[in-house]
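J.: Please see the structure below; I have some questions.
The values are calculated or read from the model by the stated rules, or taken from the named source; none is laboratory data. Here the structure is a predicted model, which is why all the values come from computation and not from measurement. All Cβ positions, glycine included, derive from the backbone under ideal geometry; neighbour counts span all protein chains shown.
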Amino acid sequence: MSEAIKPKLIVHIGMGKTGTTSIQRALRISTKELDSKGVKYLGMWFEFERDSFVGTKETVKFFKLDEDALHEYAREYANLLHKYAVEDNKHKFVISNEQFFANFSCILPFFRELSKTVDLEVLCFVRSPEHWLGGFKLQLQRLH
């Protein structure tokens, strides 16, 4: 893998009630603008050529992988990012998922391995639950 085309992966991790859904929606509807800047939004899941971890239930399986499997998947993921960097002339990629926040320690080996060949930037948004818990309870009551 060439250093000249080293892709950058921006991982957005937001705990609940930090605007993650709004950020994901903005990224999804801004595909054309992102594309013009050489950026590709990858969505919430690891939804590349391999769909084994797409969706909430499948992502839970990802969080349960052992360290060796996480390393292997990180190398596969890095190879795909490098491939897309060359083929699509995209050098920045963005993925966003709230579930990463609660499971980050489980998948840390994945990100460590990935960072060996990909420029990795992790953005984490946090908010004290005391500021939003009351409103969240009301929201749940309205839904049920």
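J.: One residue is enough: does the stretch 112-121 have a residue meeting the conditions acidic (D, E), touching a helix residue (DSSP H, G or I) at 6+ places or on another chain (Cβ under 8 Å) and assigned to a helix (DSSP H, G or I)?
T.: Yes, that holds for at least one residue.
J.: Here are F62, F101: which of them is at pLDDT below 90, hydrophobic (A, V, I, L, M, F, W, C) and buried (at least 19 other Cβ atoms within 10 Å of the Cβ)?
T.: From the options F62, F101, the qualifying one is F62.
J.: Examine the stretch 77-90 for a residue that is over 30 Å from F136 (Cα atoms) and touching a Ser or Thr at 6+ places or on another chain (Cβ under 8 Å), and state whether such a residue exists.
T.: Yes, because at least one residue in the stretch 77-90 is over 30 Å from F136 (Cα atoms) and touching a Ser or Thr at 6+ places or on another chain (Cβ under 8 Å).
J.: Let me ask you something else. Within the stretch 76-91, how many residues turn out to be surrounded by 15 or more Cβ atoms within 10 Å (Cβ to Cβ) and either among the β-branched types (V, I, T) or in contact with a helix residue (DSSP H, G or I) (Cβ under 8 Å, 6 or more places away or on another chain) (or both)?
T.: Number of matching residues: 6.
J.: Here's another thing I want to ask about it. Considering only residues that are in a helix (DSSP H, G or I) and within 12 Å of K8 (Cα to Cα), which ones fall in the stretch 81-92?
T.: L81, H82, Y84, A85, listed by residue number.
J.: If you take the residues of the stretch 1-17 that are at pLDDT below 95 and among the charged types (D, E, K, R), which of them is surrounded by the fewest Cβ atoms within 10 Å (Cβ to Cβ)?
T.: E3
J.: Given the options E67, E113, name the one that is in contact with a Pro (Cβ under 7 Å, 6 or more places away or on another chain) and among the charged types (D, E, K, R). Before the answer, list the steps.
T.: Values: E113 fails: in contact with a Pro (Cβ under 7 Å, 6 or more places away or on another chain).
The conditions single out E67.
J.: Continuing with this model, one more query. Output the qualifying pairs, or none if there are none: Cβ atoms under 8 angstrom, residues six or more apart or on different chains, first residue in the stretch 60-72 and touching a residue at least 12 places away in the same chain (Cβ under 8 Å) and assigned to a helix (DSSP H, G or I), second residue hydrophobic (A, V, I, L, M, F, W, C) and surrounded by 11 or more Cβ atoms within 10 Å (Cβ to Cβ).
T.: Cβ pairs passing all conditions: F62/F46; F62/F53; F62/I107; F63/C106; F63/I107; L70/I107; L70/F110; H71/F110.
J.: Kindly indicate which of I107, I95 is under 19 Å from V54 (Cα atoms) and not in a helix (DSSP H, G or I).
T.: Only one candidate passes the filter, namely I95.
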